[in-house]
Amino acid sequence: QVQLVESGGGLVQAGGSLRLSCAASGRTFSNSAMGWFRQAPGKEREFVARINSSGGVTTYADSVKGRFTISRDNAKTTVYLQMNSLKPEDTAVYYCAAALGYFGTNVAREYAYWGQGTQVTVSS
């Protein structure tokens, strides 16, 4: 079992930055790929970014590439999402998720554990 707790969401103006954190406990964190997903009102949950278990491989959705950075600190069992140059269309509830394997995918249903989500609102 893995418990995930996100933090760092909030209200920010367009062009601003936020850093999300996801603290993990339970199953060995360093064996799990981690992902960030988001869900806007009336829309399906979508992939944002993922990172493999060692932190050496990252993948991003085209919509956030060049603006967002995913990272992890296995000693602190925490994964981060640095979000820069935020746009109103980035407004959503952001979720972190843990995969059972080392690499993960871009598909939400392939992640076994989820946090409760943190709201990010970007005003224009």
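Derivation of every value follows stated rules applied to the coordinates shown; laboratory data play no part. This is a predicted model, so every value here is computed, not measured. All Cβ positions, glycine included, derive from the backbone under ideal geometry; neighbour counts span all protein chains shown.
Using mean Cβ contacts within 10 Å as the protection proxy, how do 84-90, 16-22 order, highest first?
Highest-to-lowest ranking by the protection proxy: 16-22, 84-90.
If you place +1 on the Cβ of every Lys and Arg and -1 on the Cβ of every Asp and Glu, how big does the dipole about the Cα centre of the chain come out, in debye to the nearest 20? Mind showing how you got there, number by number?
On the way: 12 positive and 8 negative charges, 26 e Å.
Taking the Cα centre of the chain as origin, the dipole is about 120 debye.
Want the number for Gln119 to Gln3: 0.36 nm per residue separation, take away the alpha-carbon distance, what's left? Numbers along the way, then the final one.
Numbers: separation 116, 0.36 × 116 = 41.76 nm, distance 1.85 nm.
So the chain would gain 39.9 nm between Gln119 and Gln3.
Extending each Cα 7 Å along its Cβ direction at Lys65 and Gln82, get the distance between those two points in nm, one decimal.
2.0 nm
Could you give the C-alpha radius of gyration of the stretch 1-76 expressed as a fraction of 2.2 N^0.38 Å, taking N as the number of residues it contains?
Numbers: Rg = 13.3 Å, N = 76, 2.2 N^0.38 = 11.4 Å.
Output field value: 1.17.
Along the charge dipole of the chain, pointing to its positive end and built from +1/-1 on Cβ of Lys, Arg, Asp and Glu, which listed residue (Val79, Gln116, Thr59) has its Cα farthest out?
It is Val79.
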